[in-house]
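Notes follow once the structure below has been shown.
What follows is calculated from the coordinates using simple rules that are stated; it is not laboratory data. What you see is a predicted model; the values in this text were computed from it and never measured. Counting neighbours? That spans all protein chains shown, and the Cβs are built from the backbone with ideal geometry, glycine included.
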Amino acid sequence: MLLLDGGMGRQLSRMGAPFRQPEWSALALMEAPETVLQAHRQFVEAGAEVITTNSYAVVPFHIGEDRFSTDGARLAALSGQLARQAADEAPHKVRVAGSLPPPFGSYRPDLFEPARAPAILKVLVEALRPHVDHWLAETQSAIAEALAAARAVEGTGLPLWISFTLGEETDEQGRPVLRSGELVSDAVAAVQAAGARAILFNCNRPELMGAAVDAAVATLAGADIPVGVYANAFGSPRQKLAQANAGVATIREDLDPPAYGAWAADWARRGARILGGCCGIGPEHLCAIRPALKAEAVPPG
């Protein structure tokens, strides 16, 4: 069982760090990188065993084409350096995951450009490679996005974790799907074949995650590939044509640490072995997850 960190962008916002759309969490890298280090430290203090580089918004979609061309590699490298520093300072073992975001924005598989994706991902991979222990391709809305990330890290010698984001509706048979409409089971099988070492689900409301965990566990059928969940705390579902940088979403009030901990316990019972949080989930939520991790780590009887 592993405990991931929480959502970096909203944690920076709560800390008073520079934060706005469209730059999102990348703005703190540009204007106040010390706050990124502080946020990493706060997640580590809450028990995180994996912290993720603050490179999610270091793509043209968030910082613009010109800034990405001139500063993208430097900002990505800085995100890796800050995460590595926080991990090396930690009193317990902490791994650094190199965040590889959707190159053309979250939640929109229709915007994915397979011909342009490799060049964007290459900048991130080359800049992050010296600082990370494994890769985490996050919020992947379609199988094609995930496979592009898998190709981007070929030859780096580091394990790849892939995390999908889910559609709000199931298919006609009630099966969970990605935002592309592709079946979760098909996505899991595809990235398993591509060499993923862990398969996760992130940036959805907690209510959607259990069925995805069930589908992943069934598809993997005993393979030595852990399943994980890190849900968000958005106040409303992200709609099909949502623009990820159109505004700052509200955070729901009913998802306090005990409530999130209860969801995490359910995911663990279903077979999830990596737990954490996405947007709006802070260090206090991680503290509430830890009992679920400990309970599931103890063999029954």
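When a/c reaches 1.5 or more, the comparison of a/b and b/c decides; with that in mind, is the stretch 57-141 rounded, prolate or oblate per its Cα gyration tensor? Before the final figure, lay out each step's value.
Values: a/c = 2.50, a/b = 1.69, b/c = 1.48.
Note, shape of the stretch 57-141 comes out prolate.
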statement: CD proxy, 222 nm, the chain: helix-only mean residue ellipticity via -39,500 (n - 2.57) per DSSP H run with n ≥ 4, per residue, nearest 500, stands at -13000 deg cm²/dmol
message: Could you tell me what a quarter of the Cα convex hull surface of the chain works out to, in nm² with one decimal place?
response: 14.5 nm²
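So for each of 196-204, 20-28, 126-134, 249-257 I average, over its residues, the number of other beta carbons within 10 Å; can you give me the resulting order with the highest mean first?
The densest-packed peptide leads the list: 196-204, 20-28, 126-134, 249-257.
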statement: Computed over the stretch 110-214, the relative contact order (Cα-Cα under 8 Å, seq sep at least six) in percent reads 27 percent
Per-residue HN-Hα couplings for the stretch 87-95 [Karplus 6.51, -1.76, 1.60; θ = phi - 60°; Hz; x = Gly/Pro]: 5, 5, 7, 5, x, 10, 5, 10, 9
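Only Cα pairs under 8 Å and at least 6 apart count here; give the relative contact order of the chain as a rounded whole percent. Working shown, then result.
On the way: 654 pairs, mean separation 62.4, N = 301.
Worked out over the chain, it gives 21 percent.
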query: Extension gain residue 175-residue 67, at 0.36 nm per residue separation less the Cα-Cα distance, in nm?
result: 34.8 nm
message: I want to check the label-to-label distance for residue 223 and residue 144. Put each point 7 Å from Cα in the C-beta direction and report it in nm to one decimal.
response: 2.3 nm
- prompt: Nearest 20 debye, what's the magnitude of the dipole of the chain about its Cα centre given +1 on Lys and Arg Cβ and -1 on Asp and Glu Cβ?
  reply: 300 debye
